[in-house]
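Written out below as structure tokens is the structure these notes cover.
The values are calculated or read from the model by the stated rules, or taken from the named source; none is laboratory data. Since this is a predicted model, take the numbers as computed values, not measurements. With ideal geometry, Cβ positions are generated from the backbone for all residues, glycine too; neighbour counts draw on all protein chains shown.
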Amino acid sequence: MATAATIIIRNARVLTMDETGTKADAVAIAGNRILAVGREADVLACRSADTQIIDAGGGTVLPGFNESHMHIFGGSASLRELSLTGIRGFDAFKRKVQDYAVANPDLSLLVGRRADYTIFSQIDRVTRHDLDRVIADRPFVMTAPDNHTGWANTEALRQAGILHGRDVGVGNEIVMGDDGLANGELRESSAMAPVMALGGTGARSMLGVQTGGEPAHVTDAERAADIAVIKQGLAYCASLGITSVQNMDGNLYQLEMLDEIERTGGLPVRMRMPFHMKNFMPLSDLTDKAAAWRSRFHTDRLRCDFVKVFMDGVAQSGTAVFIDDYANRPGWKGDPLFAPDHFAKIATEADRLGLSVAVHAIGDGAVRIVLDGYQAAIAANGARDRRNRVEHAEIVQPEDVVRFAELDTVASMQPTHPPGSAGMPLEPYLSCVGEARWHLTFAWRALADAGTKIVFATDWPVSPLAPMSCIYDAMTRKVWKQGLPDQRLTLMETLAAYTRTSAWVEFMEDRKGMLKPGYLADVVVLSGDVEAAPHERLADIRPTTTICDGRITFQSES
């Protein structure tokens, strides 16, 4: 007897996302694999009395979304923290913070997320004195949408021991005021870490970004609470049609919690985790930790097989690294977190070990350092299939655009990040970058036309996680000034960047990222037809069913 389907999805607009653009009416799943894709009548022939039938209602069916750049622990923790998205003006901010403080009397640190750089003023930067006017008797910190800048009140700075400042390393800064005390602005993770350490789960969730290291001590109760937080975040991912996550910070603590979730109930989302290489770590960590973790965690559901690095910060805080000066800070280009020769050694050693590398690089100066390092690795180790990445690549000089494809380097981009998209304000980004560089920013089309493979994601919790909202942002992005190039990709290119190409970048194109017989059963059913919908309505289309590894991980009530 032929294999019977466990699940059949019918009445669908199936986009298989294969290389030829094959479309179909139905999909059959048997166990954790795709059984058949094709005409509905043919696919229904695979059913048995026990087959579950899902009516897609004419909606699009795709391979499950592959969120190729996000932070699962920090994002999960943010679901329980104060969201300041869309808050403008001091009075609205005050009401929001004070209501949150009253509702959470036992929190040792109050944390707000996604506070615009211009939340109070288009000109003046936030200081501790502004925050003290709202809450002075409990430690409070809030972070910008990019998570590269934070602002803390006096009590938080005092309890963290940084009110009088502290050396926090190259590329990081506790901004000091004219009175000789910290003014409240904290630039980059090492500056924010002492304050975040006041706050339990929130502090532990940031360790993968801040140090790549482990918490000093965790009780059984704290670990159980952290696992519950991550489970909530994983369920949230599944509710948005996500079946794969490529995380961009890592430590062993996170890996072991995810492994426990997998062993005790099963991960609802496939997880790819990195070893996070910091500039203070010895090169030997790549062998002793990164390669060892790869050997320990190597299944299709939980893998640790690449190295993550931060080369710079962000333009808004002055920590991105440019080739030429900041437009609003003559004489300042930013400091790279790794000297070029140091990074080249890391890239070469990771490459020797067969580990791909993904590097956060915002400014054109940082991008060039990364590409030079990848070129050094190729020269040292010879030709092979590497699939190294540059994360964000917000500004790329034309001569470096062509190097991406030449060096087989992937551009990992976030359609939610261009100012003017996803509620992101235009300032201070446009002033920092300067009009002379606007045509070089977020150059998706230019990179694609040069032969670069592109993957899309949101960088959650930096930006809202919903893939359909991100796809909407990609398709509706507007230029900042008439005459600037339109950098949008087509809808099918955009969908590929969230499915097929994202599977390719993690060396899994032979078993996921497309709907083909024999491929892993990772599928999302959407509420509408994405090809027929106007681009302005794409964000209204939502997942109705998510299937990961043949298991339904989300199903809407309606």
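Looking at Ser463, is it in contact (Cβ under 8 Å) with a residue 12 or more places away in the chain, in contact with a helix residue (DSSP H, G or I) (Cβ under 9 Å, 6 or more places away or on another chain) and buried (at least 24 other Cβ atoms within 10 Å of the Cβ)? Before the answer, list the steps.
Numbers: in contact (Cβ under 8 Å) with a residue 12 or more places away in the chain: yes; in contact with a helix residue (DSSP H, G or I) (Cβ under 9 Å, 6 or more places away or on another chain): yes; buried (at least 24 other Cβ atoms within 10 Å of the Cβ): yes.
Judged against the criteria, Ser463 is a match.
Might you check whether a residue that is basic (Lys, Arg) and closer than 23 Å to Asp335 by Cβ occurs anywhere in region 161-179? Step through it out loud before you land on a result.
Quick first cut of region 161-179, residues basic (Lys, Arg) only: 166.
From the residues that got through so far, the ones that are closer than 23 Å to Asp335 by Cβ too are 166.
Looking through region 161-179, at least one residue is basic (Lys, Arg) and closer than 23 Å to Asp335 by Cβ.
Do any residues in region 214-236 that are over 16 Å from Leu252 (Cβ atoms) and free of Cβ contacts under 8 Å to residues at least 40 places away in the same chain have Cβ atoms under 7 Å from those of residues that are surrounded by 14 or more Cβ atoms within 10 Å (Cβ to Cβ) and among the polar types (S, T, N, Q), where the two are at least six apart or on different chains, and which pairs are they?
As it stands, the answer is Ala225/Thr201, since those pairs meet every condition given.
Mind counting the residues in region 262-290 that are over 15 Å from Thr211 (Cα atoms), out of contact with any Pro (no Cβ under 9 Å at 6 or more places or on another chain) and surrounded by fewer than 19 Cβ atoms within 10 Å (Cβ to Cβ)?
8
Does region 211-219 contain at least one residue that is buried (at least 16 other Cβ atoms within 10 Å of the Cβ) and either in the same structural domain as Trp460 (by TED's automatic domain parsing) or touching a His at 6+ places or on another chain (Cβ under 9 Å) (or both)?
There is at least one residue in region 211-219 that is buried (at least 16 other Cβ atoms within 10 Å of the Cβ) and either in the same structural domain as Trp460 (by TED's automatic domain parsing) or touching a His at 6+ places or on another chain (Cβ under 9 Å) (or both).
In region 511-558, how many are of a type outside the set (S, T, N, Q) and in a loop (DSSP other than H, G, I, E, B)?
Within region 511-558, the first condition is being of a type outside the set (S, T, N, Q), and the residues that meet it are 511-526, 528-543, 547-552, 554, 557.
Pick out the ones that are also in a loop (DSSP other than H, G, I, E, B) and you get 511-519, 521-522, 528-534, 541-542, 549-550, 557.
Going through region 511-558 one residue at a time, the tally reaches 23.
Say whether the condition of being in the same structural domain as Thr458 (by TED's automatic domain parsing) and under 27 Å from Pro145 (Cβ atoms) is met by at least one residue in region 281-293. Outline the logic, then answer.
First pass over region 281-293, keeping only residues in the same structural domain as Thr458 (by TED's automatic domain parsing): 281-293.
So of that shortlist, the ones also under 27 Å from Pro145 (Cβ atoms) come out as none.
Checked region 281-293: no residue is in the same structural domain as Thr458 (by TED's automatic domain parsing) and under 27 Å from Pro145 (Cβ atoms).
Is there any pair with a first residue in region 355-381 that is basic (Lys, Arg) and a second that is part of a helix (DSSP H, G or I) whose Cβ atoms are under 6 Å apart and which are 6 or more apart or on different chains, and what are they?
Here the result reads Arg368/Asp400, each pair linking region 355-381 to a residue that is part of a helix (DSSP H, G or I).
Tell me the residue from Gly420, Gly451, Gly434 that is at pLDDT below 95, touching a Phe, Trp or Tyr at 6+ places or on another chain (Cβ under 9 Å) and surrounded by fewer than 24 Cβ atoms within 10 Å (Cβ to Cβ), please. Step through it out loud before you land on a result.
Working: Gly451 fails: at pLDDT below 95; Gly434 fails: at pLDDT below 95.
Exactly one residue qualifies, and that residue is Gly420.
For Glu222, indicate whether it is within 27 Å of the chain's Cα centre (by Cα), among the charged types (D, E, K, R) and farther than 23 Å from Ser463 by Cα.
Details: within 27 Å of the chain's Cα centre (by Cα): yes; among the charged types (D, E, K, R): yes; farther than 23 Å from Ser463 by Cα: yes.
Judged against the criteria, Glu222 is a match.
So which residues in region 460-510 are in contact with a His (Cβ under 8 Å, 6 or more places away or on another chain) and closer than 20 Å to Ile72 by Cα?
Trp460, Pro461, Val462, Ser463
Examine region 389-396 for a residue that is closer than 24 Å to Asp124 by Cα and either within 22 Å of the chain's Cα centre (by Cα) or not assigned by TED's automatic domain parsing to the domain that holds Trp460 (or both), and state whether such a residue exists.
Looking only at region 389-396, we keep the residues that are closer than 24 Å to Asp124 by Cα, and these are none.
No, region 389-396 has no match at all.
When you scan region 53-72, do you find a residue that is closer than 30 Å to Phe120 by Cβ, in contact with a helix residue (DSSP H, G or I) (Cβ under 8 Å, 6 or more places away or on another chain) and surrounded by 13 or more Cβ atoms within 10 Å (Cβ to Cβ), even just one?
Scanning region 53-72, I find at least one residue that is closer than 30 Å to Phe120 by Cβ, in contact with a helix residue (DSSP H, G or I) (Cβ under 8 Å, 6 or more places away or on another chain) and surrounded by 13 or more Cβ atoms within 10 Å (Cβ to Cβ), so the answer is yes.
Right, Leu109: over 28 Å from Pro419 (Cβ atoms) and within 28 Å of the chain's Cα centre (by Cα) or not?
yes
Could you tell me which numbered condition Ala376 fails, if it satisfies all but one of (1) part of a strand (DSSP E or B); (2) aliphatic (A, V, I, L, M); (3) farther than 14 Å from Lys308 by Cα?
The single condition Ala376 does not satisfy is (1).
Scan region 476-510 residue by residue and report those that are under 25 Å from Glu531 (Cα atoms), within 23 Å of the chain's Cα centre (by Cα), touching a residue at least 12 places away in the same chain (Cβ under 8 Å) and not in a helix (DSSP H, G or I).
Selection gives Arg477, Lys478, Gln487, Arg488, Leu489, Thr499.
Looking at (1) on the phi < 0 side of the Ramachandran plot; (2) in contact with a His (Cβ under 8 Å, 6 or more places away or on another chain); (3) surrounded by fewer than 24 Cβ atoms within 10 Å (Cβ to Cβ); (4) in contact (Cβ under 8 Å) with a residue 60 or more places away in the chain, can you tell me which one Thr201 breaks?
(2)
Answer with yes or no whether Ala203 is closer than 30 Å to Ala92 by Cβ and touching a strand residue (DSSP E or B) at 6+ places or on another chain (Cβ under 9 Å).
When the stated conditions are applied, Ala203 does not pass them.
Any idea which of Arg477, Arg500 is closer than 18 Å to Arg272 by Cα and of a type in the set (Lys, Arg)?
Values: Arg477 fails: closer than 18 Å to Arg272 by Cα.
Result: Arg500 is the single residue among Arg477, Arg500 that is closer than 18 Å to Arg272 by Cα and of a type in the set (Lys, Arg).
For (1) out of contact with any strand residue (DSSP E or B) (no Cβ under 8 Å at 6 or more places or on another chain); (2) within 22 Å of Asp178 (Cβ to Cβ); (3) modelled with pLDDT of 95 or more; (4) surrounded by 13 or more Cβ atoms within 10 Å (Cβ to Cβ), each residue gets a yes or a no:
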residue: Asn104; (1), (2), (3), (4): no, no, no, yes
residue: Leu107; (1), (2), (3), (4): yes, no, no, yes
residue: Arg114; (1), (2), (3), (4): no, no, no, yes
residue: Phe120; (1), (2), (3), (4): yes, yes, no, yes
residue: Asp124; (1), (2), (3), (4): yes, yes, no, no
residue: Arg128; (1), (2), (3), (4): no, yes, yes, yes
residue: Asp132; (1), (2), (3), (4): yes, yes, yes, yes
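Looking at Ala77 and the list (1) in a loop (DSSP other than H, G, I, E, B); (2) under 21 Å from Leu198 (Cβ atoms); (3) in contact (Cβ under 8 Å) with a residue 40 or more places away in the chain, which single condition is not satisfied?
With respect to (1) in a loop (DSSP other than H, G, I, E, B); (2) under 21 Å from Leu198 (Cβ atoms); (3) in contact (Cβ under 8 Å) with a residue 40 or more places away in the chain, Ala77 is out only on (1).
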